[in-house]
Every structure is written in structure tokens, then in C-alpha cells.
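Report on the following structure.
The values are calculated or read from the model by the stated rules, or taken from the named source; none is laboratory data. Please read these numbers as outputs of a predicted model, since none were measured by experiment. Neighbour counts run over all protein chains shown; Cβ positions are idealised from the backbone, glycine included. We work out accessible area using only protein heavy atoms, side chains counted, and drop any ligands, DNA or RNA first. Shrake-Rupley method; radii C 1.70, N 1.55, O 1.52, S 1.80 Å.
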Amino acid sequence: MKNISGIRADFPLLSRSVYGKPLVYLDNGATTQKPQCVIDAVDEVYKSYNANIHRGVHALSDKASEEYENAREKVRSFINAEKREEIVFTSGTTGSINAVAFSFGERFINKGDEVIVSHLEHHANIVPWQMMCERKNAKLRVIPINDIGEVLLDEYLKLLSSKTKLIAVTQVSNAIGTILPVQEIIDAAHSRDIPVLIDGAQGIQHGITDVRKMDCDFYVFSGHKIYGPAGIGILYGREKWLAELPPYQGGGDMVANVTFEKTTYNELPFRFEAGTMNFPGAIGLGTALDYVSTIGMEDIEIREQELLSYANDRLTGISGLRIFGNSVNKISIISFLVKDIHMYDTGMVLDKLGIAVRTGTHCAQPVMDRFGIPGTVRASFCFYNTKEEIDILGTGIEKVISMFA
Ligand code: PMP
């Protein structure tokens, strides 16, 4: 891996200051900063070949279409999908889950059927299923978690039945960092022929992703959490499923032939890409995947685990600091509260010190309810963070305690 100062130099925003203090950006779970190459790739689209994709015969449209399809190929290869037809561009994880919830629901869910999620889900992997269950008179079942924030596999197995039509679970909890045992979850579901959707929003950026090895049926993620632009995301669906699902949006480009009497749909994956897509975002995402591949996903994982262990040691040394989510398998997220100090007070003082952390429920209210708390302060680290920044966080929290306790 490149040395850390070289890596940080790739990200222009990391060198800015906030309130006269050097920025310590520890909100990577919410969104990641962008390397210059991604900024340049998007800039280049608008500067030199902006034109609508798949529509013109002119040179610019050809070039934009080609780059967009190259980006699709980069995504396919990054997650090791078998075919490019299985890679659908969407607006993000939320867009992808809503697409599956609608289309899968229309095609496969009937009254009395059940969909299983876990207690660790982001609202984006709860609400679309609730909406679908309401539409279809189906039921949402929830895999419970234990006190350290791990899903209870025995309870999961008990939930599986002939009524179960789909499992939709997150790969990693955005609120407390738990890495879920997705392989066990998928294997148990498949032994009963039940398909599985994996929400990879917090998984894709932290290690190697191989959808074929994982054997999931759907895998979704957002570009902005893996150093790419906002407003672009991915829905991977195994061809056998995508081929069966009806489109969830109608419009230009998703059709083969349109008359007032009958419309036929385009082939995969275009059938699920209605209207003008975010092609600059897709191209930027392709560049982001090239960038992290050059750094090396294995090395990223190792470095982030080192940061997590350093942060654990530093923060557990602070008296009165409680960490929520202590699973052995965790990504580099520490979700905490300090004494009885309100999370917003902690977040605001840290902000004045130049430290960006997230405060609140992290769009995972059921997780907070499970722990009986209104929310947490969440520091989420990634490979461009440093041990010095973790020390600054530690000192910042000690300052919060001296001010409020
Ligand atoms: N799932 C998880 C686990 C997440 O962390 C997030 C973003 N915080 C989402 C889904 C939703 O992602 P987006 O807002 O990019 O659609």
C-alpha cells in the first residue's frame, strides 16, 4: 500500500481546516471523501464529452455511452458478477432496495408470505419491505440480536418456513459496525430455495466482495460510500431473478417497442434503467473502483482493522465511555456515549475541535431501541485516517468530559 501521506494527498478535502483546526474526518460511514481522480473523471465528462447515453449516433453520445458501459464492466469485475446484464445502475442503496422490494413484491409476494430482515438494518432495508408487505398483505419478520450486537443465528433458523419468500440483511451494521454472518444466512436460506438480498452499503468499501462466492441473489451498494460520487448506486441481481422481475419504473431507454396498445421492454440490464441515468456518476464510480483496487482491498481491510484496534484501546481507556456493538467481527466503526452527556453535546464540542463524527440514530432506530438509548456518537474510520487522528478524537472526548461531567 502507498504510504499514508501519499494516500491522504489523493484526497483534496482532507487537507482543509474547520474552525481553524485541521479537519479530522471520522464520518466515513455516512459518506467518504473523493480522490482527485474521481473528481477529475466527473469533471472530464462535463468538460469534454457530455451527451446523453444510448441515444445519439454522434461522437459525444458514443463516447459517453462507451464510458458508461465501461463503468458497468468495472463494477461487474469488482464484485465478480458473472455477467454485465446483472449490473443495474440505480441512485444508490436506497434506490436499489426499493427497486427489488417493488419488483420482487409484484412478482413473488402474496398474502401471508414473509420477508425476513435483521434487527441491525438501516431504515433503507426496513421501510421498503414494510411498504411492500402492506401492499401485499405479507409479514416482516426480524432476526433478533444479542447484547453485543450480533444476530442470533438460532433464532434466524427458527424464522425460516415455507412462508419465507426473501431474506434481506445487511452485510455490516452502519450503526454499530457488526459484520453479519452473511454466508451462514445465505446457505441456510438456499437450503430452502429462498433468495437473499445483501445490503452491502457498509460492506463493499471494507474488503473484497465476491458475489459469486457469497452466492447471494441480490447485492446492493452506494457509490458515495466507496469514494465515488453521490447519486449513483448498484443493484446486482442474479440473471435468473432479474429476468423474472417486472420493471419498477417506465420511461425512455427501458423499452424495446412502444405503441399505445402494447409496449415491450428492453433487455437486461436496461430494462431497469428508465430515463436519463446518472452517467457522470457511474463513470466516477468506475474510477473510484479503479482507485481502491490500486490501493488494494486486502490492504484496506488490514489497515482499517489496525485503526479499529488502536481506537478501541484508546477509547476504552476513557472512563465513563460506553461502546455499543462489541462483536468480534466488526468494521472500523465505534459507536459510543460518554457518561450521561447528550450525544449532540459531544458531537458539537468535537465539531468545534475540527472532528467530524455522526450523532443520532444513524437511520437505524430499532438498533438504538434495542439498547434503550436515543442514539450514539459514531466515529467511522477508513484507510485514509491515521492513529494521530484517533488520538485527537480521544483528547477531544476527554475535553467533552471535562466540560460537561
Ligand atoms: N444501508 C446501510 C447499511 C447504510 O449504511 C446506508 C447509508 N447510511 C444505506 C443503506 C442507505 O444508503 P444511501 O443513503 O446511499 O441510499
Exercise. Averaged per residue, what accessible surface does region 39-294 expose to a 1.4 Å probe, in Å²?
Worked result: 40
Problem set entry | trypsin sites (Lys or Arg not before Pro) restricted to region 61-158 and DSSP loop, no more than 13 other C-beta within 10 Å | 83, 111
Exercise. For the chain, which whole percent of the accessible surface, found with a 1.4 angstrom probe, sits on carbon and sulfur atoms?
Worked result: 51
Problem set entry | Along the chain, longest interval not containing exposed GluC sites (Glu not before Pro), exposed being DSSP loop plus at most 16 other Cβ atoms within 10 Å | 83-243
Problem set entry | In nm, spacing of pseudo-spin labels at residue 111 and residue 387 (7 Å Cα→C-beta vector) | 6.4
Exercise. Does anyone have the angle between helix 387-404 and the longest principal axis of the chain? Alpha-carbon axes, 0 to 90°, nearest 10?
Worked result: 60
For this session: Obtain the nm distance between the two label points defined at residue 404 and residue 44 by a simple spin-label model: each point lies 7 Å from its Cα along the Cα-to-C-beta direction.
Result: 4.6
Exercise. Let a ≥ b ≥ c be the square roots of the eigenvalues of the Cα gyration tensor of region 39-294; is it rounded (a/c under 1.5), or, if not, prolate (a/b larger than b/c) or oblate?
Worked result: oblate
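Dipole size in debye (nearest 20) for the chain around its Cα centre, Lys and Arg Cβ +1, Asp and Glu Cβ -1?
The calculated dipole for the chain is roughly 660 debye.
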For this session: Subtract the Cα-Cα distance of residue 339 and residue 30 from 0.36 nm times their separation in residues, and report this length gain in nm to one decimal.
Result: 108.8 nm
Exercise. By the scheme Lys and Arg +1, Asp and Glu -1, what is the net charge of all other residues having a beta-carbon under 14 Å from that of residue 256?
Worked result: -1
Exercise. Gap in Å between the Cα centre of region 354-405 and the Cα centre of region 1-47?
Worked result: 21
Exercise. For the chain, the longest stretch holding no chymotrypsin sites (Phe, Trp or Tyr not before Pro) located in a DSSP loop with at most 14 other Cβ atoms within 10 Å is which?
Worked result: 20-259
Exercise. How many nm separate the modelled label positions at residue 146 and residue 134, each set 7 Å beyond the Cα in the direction of the Cβ?
Worked result: 3.5
Exercise. Against the longest principal axis of the chain, how steep is helix 59-79, in degrees 0 to 90 to the nearest 10, with axes from Cα atoms?
Worked result: 60
Exercise. In degrees, nearest 10, range 0 to 90: what is the angle between the Cα axis of helix 343-352 and the longest Cα principal axis of the chain?
Worked result: 80
Seminar exercise, completed: Using alpha-carbon positions, the gyration tensor of region 113-241 gives root eigenvalues a ≥ b ≥ c; with a/c under 1.5 called rounded, otherwise prolate if a/b exceeds b/c, else oblate, the class is rounded
For this session: Restricting to the chain, compute how many DSSP beta bridges are antiparallel as a %, nearest 5.
Result: 60
Seminar exercise, completed: So residue 319 and residue 62, fully extended at 0.36 nm per residue minus their Cα-Cα distance, gain in nm 86.4 nm
For this session: Starting from the Cα of residue 302, step 7 Å toward the Cβ, then list every residue of region 366-384 with an amide N under 11 Å from that point.
Result: none
For this session: Compute the length gained on full extension between residue 192 and residue 352: take 0.36 nm times their separation in residues and subtract their Cα-Cα distance, giving the result in nm to one decimal.
Result: 52.3 nm
